[in-house]
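Below is one structure, written out as structure tokens; the observations come after it.
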Amino acid sequence: MLHTLSKIGEYLLEGKGIWSKLTSQPRFDPEKTNWVIPILLDCETGRASILENEKELFVEEESAIKFRYLNTELWGRRGKKCCVCSESKNLEMLKESLIGKTKSSKGSLSESYDDFYKSKPKDSLFRKALEEINKTQFDGKIFDLVNIKDHLQFSKNEEAVLFYVKIKSLKINNSLSIPLFDLEGYEEFVLEKFGNSEAKSGLDYLTGIESQEVSEAAFAGRYNLNKVFQTTSFNYATDFDSSNFNKNFQLSLSTIARLDKSSDFALKRLQTRIAGTPHLVIPSYLYKDLVNLDIGEMELFINKSSDLLFRSEVLEHDVKRKLPETKIFWLNYLGFESDGNSFKIINHIKDVNSAHLKNILEVFDDTHYEFRHFIGEKYPFNLQSIYWIIPVREGSKEKKNAVLAIFKEILEQRKINEEDIFDHFISMLLCHRYGRYRQYQFKSTPNNFDFAIRDTAFKYTAFIYALKKLNLLNMEENKPKLETEEKATNTNAEKIEDFFSKMEYTPEQRAVFYLGRVLSSVAYAQYQKGHKSKPILNKINYNGMDASALERLDLDLSEKSRQYNIHEFTEPNLAKFRSAFKEEKWTLSPQKNVFYLMVGYTFGLTKE
């Protein structure tokens with residue numbers, strides 16, 4: 001993963017190297033036409049002016065480096081300002097750097113230059129230019145933004161983003177105007193002062209190549225992916241000797257610049273939300289495929305896989321639900337929390353094979369087709385669908401997210417305990433029964449309990465079906481399979497038998513399903529009699545029902561069937577339950593009993 005990040009940074013920098021680390025991107029409005037404008041300090045006439053005719057269009061990711069807009073954090077709030085280019089909001093800083101705070105004072109950039117080379121004075125064209133500017137004593141009004149705006153007369157759709165300074169002097173460049181950053185001595189000063197004073201020759205940990213400028217890996221800012229890896233348990237240096245860390249984890253300045261650039265790119269472009277939590281998606285390649293990295297192909301695969309697996313947009317039939325070809329070997333998903341200035345990793349789904357992602361998508365799509373009459377066809381059935389059927393407390397101090405834990409197991413190809421699935425079903429069932437939606441991530445409340453249960457029961461059924469297809473469900477072994485029965489002639493019975501066959505229901509599971517069918521019949525009869533709350537549902541313990549509870553329910557349903565004169569209709573299903581029910585040998589857990597009961601209860605419901 002580290003090599004991939006470095007390669008991404010190398011691709012994005014395209015030879016910009018260390019300057020991407022030293023410069024900063026200014027704020028700008030992408031809806032406007034943005035300009036970079038030169039200010040001329042003419043030491044021959046003593047005048048300063050705006051060179052409007054030499055303005056250039058601002059280009060994101062390029063102009064800051066081209067015009068050397070240095071990051072102000074390099075010198076800090078109390079340090080001596082050293083800028084030759086600034087944002088419009090920081091023109092006062094540009095003024096202080098070059099001509100000083102007052103007319104009689106000296107520019108802080110000139111002071112910083114002389115202080116830095118105090119022990120070994122160094123002459124250069126850049127230093128001569130600073131001396132010429134100090135001698136001329138320019139009027140600071142040229143750096144007043146109000147005056148500049150009055151002079152430029154820009155429209156509402158235009159804006160000056162950066163200003164840089166040019167000098168004109170008989171002693172500099174044959175009296176031809178030239179940007180200060182193009183003068184001999186400027187880059188040397190900036191790189192020596194702000195590059196890394198502790199850099200030395202040594203071995204680059206990442207590339208394995210000797211370099212003349214290596215130092216302990218130090219990354220820019222707190223909001224940096226690389227710094228998180230370096231200082232937390234999710235790091236590149238787990239086995240290094242901490243007492244000798246600066247030697248063991250040393251990088252060249254160019255490598256650090258590449259990693260800083262790739263971190264910025266990942267934080268802006270390689271993000272997705274998984275189970276309500278923002279995640280960075282970091283790819284890894286085999287070395288032979290990393291050499292010719294295709295950023296466009298990488299982004300396409302990451303964005304497409306994130307959309308198809310972790311979003312629940314309305315299905316469009318003309319949109320291909322296939323992942324594009326890719327040379328990505330693994331993906332790592334890094335869940336994080338952030339305040340915009342720093343962040344910490346709270347979840348790590350690691351080494352997810354790209355071929356496995358394709359398999360997950362295909363299995364869930366096939367499952368959706370198989371269960372389309374039960375779970376609907378409007379929205380896709382994917383991992384995001386599972387997020388909406390497992391209650392998760394948002395903002396919990398415990399930071400536990402059951403859905404993330406399940407997704408991690410699926411993506412890392414680890415088997416999920418069947419009992420955990422049924423425990424989550426019970427939690428969702430209780431949420432429906434007692435209206436506990438506000439405690440969790442749900443944004444809306446279902447209008448009808450029965451249909452809410454139906455949707456939940458069959459999405460869990462589809463989920464279990466998909467996990468079986470993926471061979472990711474850790475199930476109890478040695479379960480007896482029901483022998484193939486003679487095909488029923490009744491249409492509804494055929495559907496039930498087809499459903500049993502698809503789900504490979506055992507005799508016990510079928511028995512509880514049939515008890516659920518009787519529950520549905522009695523509930524409907526009560527509703528028809530004006531009992532809108534369907535009192536029979538109060539007989540259900542939604543936390544779980546053991547075998548003795550099922551037996552009591554059987555008696556209650558038999559009694560109610562006779563009371564509502566529907567016993568002739570319900571007796572066949574009760575008989576199917578009783579023929580398989582053996583309390584002393586019952587193996588289904590209380591949670592599974594409730595699950596299969598609810599599947600049977602809602603099986604016959606049609607869509608609202």
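Modelled spin labels at residue 351 and residue 494, positioned 7 Å past Cα toward Cβ, are 5.0 nm from each other.
The angle between the Cα long axis of helix 590-602 and the main principal axis of the chain comes to about 80°, on a 0 to 90 degree scale.
On full extension, the segment bounded by residue 139 and residue 203 gains 18.0 nm, given 0.36 nm per residue less the C-alpha separation. Structural descriptor for the chain: relative contact order 10 percent, calculated from alpha carbon pairs under 8 angstrom and at least 6 residues apart. The slack in the chain from residue 451 to residue 471, taken as 0.36 nm per residue of separation less the alpha-carbon distance, amounts to 4.2 nm. Between residue 343 and 224, the built amide H atoms are under 5 Å apart, and every one of these is 5 or more places off in sequence or on another chain. So if we plug the beta-carbon distance of residue 437 and residue 313 into 1/(1 + (r/R0)^6) with R0 = 25 Å, what FRET efficiency do we get, rounded to 0.05? After rounding to 0.05, the efficiency reads 0.65.
Listed values for region 18-31 are Karplus-derived 3J(HN,Hα) couplings in whole Hz (6.51 cos²θ - 1.76 cosθ + 1.60, θ = phi - 60°), namely 4, 5, 5, 7, 7, 9, 9, 7, x, 7, 7, 9, x, 7, and x replaces Gly and Pro.
Helix 253-269 and the long axis of the chain differ in direction by around 50°, with both axes built from C-alpha atoms.
Placing a label point 7 Å from the Cα of residue 187 along the Cα-to-Cβ direction, no residue of region 30-68 has its backbone N under 11 Å from that point.
The angle between the Cα long axis of helix 402-411 and the main principal axis of the chain comes to about 80°, on a 0 to 90 degree scale. Distance between the 7 Å Cα→Cβ label points at residue 176 and residue 123: 2.4 nm.
Straight-distance candidates among the lysines for linking to residue 118, with alpha-carbon spacing under 24 Å and chain neighbours fewer than 8 residues away dropped: 80, 81, 95, 101, 106, 128, 135, 171, 193, 200. Summarised in one figure, the compactness ratio Rg/Rh of region 275-470, Cα atoms and Kirkwood Rh, is 0.97. If you bin all the Cα-Cα distances of region 32-195 at 5 Å, starting from zero, the percentages per bin are 2, 9, 19, 23, 21, 15, 8, 3, 1, 0, 0.
For the set 118, 539, solvent exposure ranked by accessible area (probe 1.4 Å, protein chains only) runs largest to smallest as 118, 539.
Computing Rg and Dmax of the Cα atoms in Å for the structure here picks out one of [x] 34.5, 112; [y] 25.5, 89; [z] 24.7, 78, namely [x]. Here region 275-470 has 46 percent of its accessible surface on carbon and sulfur atoms, given a 1.4 Å probe and all protein chains in place. For residue 273 and residue 546, a Förster radius of 35 Å and the Cβ-Cβ distance give a FRET efficiency of 0.35, rounded to the nearest 0.05.
Phi angles across region 126-143 convert, under the Karplus curve 6.51 cos²θ - 1.76 cosθ + 1.60 with θ = phi - 60°, into 3J(HN,Hα) values of 4, 5, 4, 5, 5, 5, 4, 5, 5, 5, 6, 6, 5, 6, x, 4, 5, 9 Hz, Gly and Pro given as x.
Looking at the chain, the accessible area is 51 square angstrom per residue; that uses a 1.4 Å probe and ignores ligands, DNA and RNA. When the residues 433, 510 are ordered by accessible surface, computed with a 1.4 Å probe over the protein chains alone, the sequence from largest down reads 433, 510.
Over 22 Å, how big is the tail of the calculated P(r) for region 492-603, in percent of all Cα pairs? When every Cα pair of region 492-603 is considered, 27 percent fall beyond 22 Å.
The values are calculated or read from the model by the stated rules, or taken from the named source; none is laboratory data. All values reported here derive from a predicted model rather than from experimental measurement. Here Cβ is always computed from backbone atoms with ideal geometry, including for glycine, and neighbour counts include all displayed protein chains. Heavy atoms of the whole protein, side chains included, go into the accessibility calculation; ligands, DNA and RNA do not. Shrake-Rupley method; radii C 1.70, N 1.55, O 1.52, S 1.80 Å.
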